[in-house]
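Below is one structure, written out as structure tokens; comments come after it.
The values are calculated or read from the model by the stated rules, or taken from the named source; none is laboratory data. None of these values were measured; they are calculated from a predicted model. We place every Cβ from the backbone using ideal geometry, glycine too, and count neighbours over all the protein chains shown.
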Amino acid sequence: MSELMGDINVSPGWIHKINIKSLGDDVRREILRRVKDKLGFNKTVEILDIAKGSLHNYLNGLRKIPDDVISKALQYLDEKEFNEIVAGIDRLKAVGIIREDGSIDYSLILQAVALASKDEYLKQAILRFTVENFREDLRKMLGISLSQVVFTWSQGFEEFLRERKKRRKVLDPETIAYYRNLFKKHLEGKTLSEDLINYVINHKNKWLRNVFRHYIQYLYYLRRISPETYGWVMEIVPSRSYKIDVRSYPINIEDLVKTLSILKDSHELYYLVYRLMLEGGLRLSHAIHIIESFNPNEIIEINGLDVETHRLVCFNDKGFCRYYVGLRESVKPCEWAYFSLDTLRLLKEYAGNNVSRRALEKYIKRRNLLPPKYVRKISWRLMIKVMSREVARFIQSRFGELKISEARYEDLLGEADDHYSKYLGYLKELSI
């Protein structure tokens, strides 16, 4: 055992941060149980320097486990194992954020919050929590002023819509005209205020929200409003599609099974498209893109992460592959596509084929099969049954506006690789 563990003369640094006295009885028993499972009963007795009967009593809750025994046991766990055992309030007590008397160590919390300056994921999480829970307090603290800004439609705004917007540009003249009419009727000459914001949020025409948000982006582009005002207004005024959609989609697994069965027999290329959408939670456009541009042997570097990889990475022992799509700048991003080895064999056969989206949709409609837009929804509903929503979002590239730090990206990629085979197993259980 000494060859595996080494001679432990100095405790790992993380242990010194633990307030052992604050650990509850259940946590203490689980720590001993974890060490016993790792080292065996006899070795645990030896390294803890206790009698076999004592260990038996500790594990069965017959005696309280002393602090010095826990201190020795922790040396045979790593920090990740400890965090798995201790959760929620117990963990906050263990690291000293919540003291024994129930008071809070504010200096320790502020040190943890300060890490947000170095971690984009943590920063975004803190900002979201703050905006969602303390929006009005935040606005008052920042002294956000909404006055002195008058809404006026101009050629400059039209040019911004067509050419300057960072995401989807508004190029259709009819859409521009529709936006102009909405603006002139509801916003022209109005002053930016909380009353105006409430008017827009509650207006029956949800497209007014889009026009309003576009103009706020334009004002920020011109530096007419501060970053604080911009962030607050964009957060409080949802886009037209931001409201949670509570409609029940007409989906059932039997429809999907029937569709896949018919396509497999009648049109294998379209069957491949549906398999890619189902297995990876892909949009139709991304599934088609992968088929038409499939290049598995290319070595690429993931932008911003300094990571080189083959586009196609396969885990033969787990029965799946992931393919780097790398569509980041588009309105609908797609980072990785996950799929089974069976689907890979089909993909290699049809790689380079052109797929007409219009022809596919007509083919599906004529045969009264499940429309492709529902496959991604089904994939999401099934995937979150076997893994966390965060990992499922990563697999399906549901990033939204969230920027992920390099460290968190690699964590999520590893977690996706660990959990994806569960999803394929679940599809198999459902005979899909």
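The one condition from (1) within 20 Å of Lys428 (Cβ to Cβ); (2) touching a Lys or Arg at 6+ places or on another chain (Cβ under 9 Å); (3) part of a helix (DSSP H, G or I) that Ala337 does not meet is (3).
Restricting attention to segment 61-75, the residues being under 39 Å from the mean Cα position of the chain (by Cα) and small (Gly, Ala, Ser) number 2.
Candidates in segment 281-316 are the residues that are among the small types (Gly, Ala, Ser) and part of a loop (DSSP other than H, G, I, E, B); of these, the one that is modelled with the highest pLDDT is Gly281.
Which of the residues belonging to segment 22-48 are charged (D, E, K, R) and at pLDDT below 80?
First, the residues of segment 22-48 that are charged (D, E, K, R): 25-26, 28-30, 33-34, 36-38, 43, 46.
Selection gives Asp26 alone.
With the condition kept exactly as written, say whether any residue in segment 13-21 is over 29 Å from Ile109 (Cβ atoms) and modelled with pLDDT of 80 or more. Checked against the condition, which is being over 29 Å from Ile109 (Cβ atoms) and modelled with pLDDT of 80 or more, segment 13-21 yields no hits at all.
Working carefully through the options Asn368, Asn353, find the one that is surrounded by fewer than 16 Cβ atoms within 10 Å (Cβ to Cβ), free of Cβ contacts under 8 Å to residues at least 60 places away in the same chain, of a type in the set (S, T, N, Q) and not in a helix (DSSP H, G or I).
Details: Asn353 fails: free of Cβ contacts under 8 Å to residues at least 60 places away in the same chain.
Only one candidate qualifies: Asn368.
When you check Leu278 against the structure, is it within 21 Å of the chain's Cα centre (by Cα) and either assigned by TED's automatic domain parsing to the domain that holds Val355 or part of a helix (DSSP H, G or I) (or both), yes or no? It is true that Leu278 is within 21 Å of the chain's Cα centre (by Cα) and either assigned by TED's automatic domain parsing to the domain that holds Val355 or part of a helix (DSSP H, G or I) (or both).
If you go through segment 170-190 and keep only what is modelled with pLDDT of 90 or more and closer than 17 Å to Thr152 by Cβ, you end up with Tyr179, Arg180, Asn181, Leu182, Phe183, Lys184, Lys185, His186, Leu187, Glu188, Gly189, Lys190.
As for segment 335-355, it holds at least one residue that is closer than 19 Å to Leu256 by Cα, touching a helix residue (DSSP H, G or I) at 6+ places or on another chain (Cβ under 6 Å) and of a type in the set (Gly, Ala, Ser). When segment 194-226 is filtered for residues that are surrounded by fewer than 14 Cβ atoms within 10 Å (Cβ to Cβ) and over 20 Å from Phe157 (Cβ atoms), the ones remaining, listed by number, are Glu194, Asp195, Asn198, Asn202, Lys204.
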